[in-house]
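Notes follow the structure.
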Amino acid sequence: MICTDAEAFAALMPRDGAIAGLDLGTVTIGVAVSDRRRRVATPLETVRRTKFTLDAQRLLEIAGARDLKGFVLGLPINMDGSEGPRAQSTRAFARNLERLTELPIAFWDERLSTVAAERALLEADMSRKRRGEIIDHVAAGFILQGMLDRLGHLENRDG
């Protein structure tokens, strides 16, 4: 099920269990996962995109192996708040993924997540080659951490 907001996403998940954050690019998909308590996002891997069925198969393999409870997709919203072709593509990916899994799917505004990831990697004095290899799953970590922080706020407010 595709959730319209963090509240709906939280309502569909058990209290504990890891979730995945995805940074969907045209060539790769960055993947990050949380801990079971949903406090910390950790970059995991970058999936090289081929075709949807194979991409989804890999994501579902990760979900099964890690007993994930949901997916958070970075939604590339324009700086003015509008949605362009990349956001439409992300929403289409979510609709297709929804047909293959019962896990809830949510979106997170990913504006500046890649910029933040790039800055963090530069501060770590990482080479350009190495940054290129891991930027997507580090960006997925920033996307996922944003949702984790929001979920934590909801939990503190409600609990």
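Here are a few things to note about the model shown:
- Long-range neighbours under 9 Å by Cβ, at least six apart or interchain, first residue under 20 Å from Leu97 (Cα atoms) within segment 37-52, second among the polar types (S, T, N, Q) and not in a strand (DSSP E or B): Arg49/Thr26; Phe52/Asn96
- Candidates Val40, Val72, Val27, filtered to the one that is on the phi < 0 side of the Ramachandran plot and touching a Phe, Trp or Tyr at 6+ places or on another chain (Cβ under 6 Å): Val72
- Thr90 being over 18 Å from Leu151 (Cα atoms), within 13 Å of the chain's Cα centre (by Cα) and of a type in the set (Ser, Thr, Tyr): yes
- So Asp67, is it exposed (fewer than 13 other Cβ atoms within 10 Å of the Cβ), at pLDDT 95 or above and touching a Lys or Arg at 6+ places or on another chain (Cβ under 9 Å): yes
The values are calculated or read from the model by the stated rules, or taken from the named source; none is laboratory data. Since the model is a prediction, treat every value here as computed from it, not as a measurement. Every residue, glycine as well, gets a Cβ built from its backbone with ideal geometry; the counts of neighbours run over all protein chains shown.
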